[in-house]
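Report on one structure; see the data block that follows.
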Amino acid sequence: MTKYIIANWKANKNVLSIQSWFADFFAEIKQFQEKKLLETEADEAQILKIKNLKLKIIIAPAYPLLMAVDQQIKNLKLNISLASQDLSPFPAGAYTGAVSAFNLQGLNVAYSLLGHSERRRYFQETDLEVAKKVELAIEQQISPIICLDEEYLQSQAQLIDKKDYQQCLVAYEPLSAISTMPGAKDPDIKQVAAVIERIKSIFGSLTCIYGGSVDEFNINEYLMISDGVLVGGASLDGKLFARLIARLENFPSA
Ligand code: PGA
């Protein structure tokens, strides 16, 4: 079984600080491997494994860090994929300041977070713009990770071409659970499970992950009911992020 662990660094870090993140992350992962808490399948290009899980680890840094993060991943021979945190709703062309899906070609960007609640809140992003971004990402072979809350789940899904559904991943992120929101609180796990079921019934059986204040203490609870987690605050420290990964347990089913 594969579980997605996605680090969303948001507008934190710069090229000067990522080396220490990777040094910390790598040192901690090595220790867990020595203690046999984590394994890698050498024949499967160093995919990290823990118990019965294969891990798909993805890092979403700010645009200017993409190349440097990719270089660190290669230097350390880690099996980690790259995601952008956003994309322009316009294609390549005369759109000063925008970063199009086309601009990301050649940078090993396999995924893109689209429609994050912070984009909708601070940049007034609409369902229609997010739908355009999804289309442009797919055109450039980038898998969209569509971030959704219940409020716009239905309206967002309606604007995305149904034939594209199976190429998308969805991240269910209740706004009130995002760690930086004032008064953030953990949602009721049964309610999260019900929304994930709803997402899967709307989009078909796609990968659906959960995001909002995920840390090393609650990650297992969320992974019991989802295909992965989107981690913000708890991904900013390389050591803590490795520790969160090493906490994973056996899962009978997704
Ligand atoms: P958080 O952020 O883990 O800090 O709550 C998650 C997200 O906003 O993607």
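Please treat every number below as a calculation from the coordinates, not as lab data. What you are looking at is a predicted structure, and each value in this text was computed from that prediction instead of being measured. Cβ placement follows ideal geometry from the backbone for every residue including glycine, while neighbour counts extend to all protein chains displayed.
Quick notes on this one:
- With at most 13 neighbouring Cβ atoms within 10 Å, loop trypsin sites (Lys or Arg not before Pro) (DSSP) excluded, longest segment of the chain: 78-184
- Evaluating kT/(6 pi eta Rh) at 4 °C and 1.567 mPa s, with the Kirkwood radius of segment 1-74 over Cα pairs in the Stokes-Einstein relation, gives 96 µm² s⁻¹.
- For residue 54, nonlocal amide neighbours, meaning residues 5 or more places apart or on other chains whose placed amide H falls under 5 Å from its own, are 2, 3.
- Contour excess over end-to-end distance, with Cα ends at residue 190 and residue 155 and 0.36 nm allotted per residue: 10.3 nm
- Under Karplus coefficients 6.51, -1.76 and 1.60, residue-wise ³J(HN,Hα) of segment 83-91 in Hz, glycine/proline x: 10, 8, 8, 5, 8, 6, x, 10, x
- Taking amide H positions as modeled 1.01 Å from N, with prolines and chain starts lacking one, the residues under 5 Å from residue 81 and 5 or more places away or on another chain are 57, 58, 59.
- Which listed pairs, of 56/239; 10/162; 10/36; 49/239; 13/200, have C-alpha distances above 26 Å, in listed order: 10/162; 10/36; 13/200
- If a spin label sat at a point 7 angstrom from the Cα of residue 141 along the line to its beta carbon, the backbone N atoms of segment 100-127 nearer than 14 Å would be those of 102, 104-111.
- Label-point separation, residue 197 to residue 167 (7 Å along Cα→Cβ), nm: 3.1 nm
- Mean separation of Cα pairs under 8 Å and 6 or more residues apart, divided by the residue count, gives segment 1-131 a relative contact order of 23 percent.
- Chymotrypsin sites (Phe, Trp or Tyr not before Pro), loop per DSSP, at most 15 other Cβ atoms within 10 Å - longest free stretch of the chain: 1-94
- In Hz, Karplus ³J(HN,Hα) per residue of segment 114-127 (6.51, -1.76, 1.60; θ = phi - 60°; x = Gly, Pro): 10, x, 4, 4, 6, 5, 5, 7, 8, 10, 6, 6, 9, 4
- Segment 136-254: projected area of the alpha-carbon convex hull, averaged over directions, in nm²: 8.2 nm²
- The alpha-carbon positions of the chain define a convex hull whose volume is 127 Å³ per residue.
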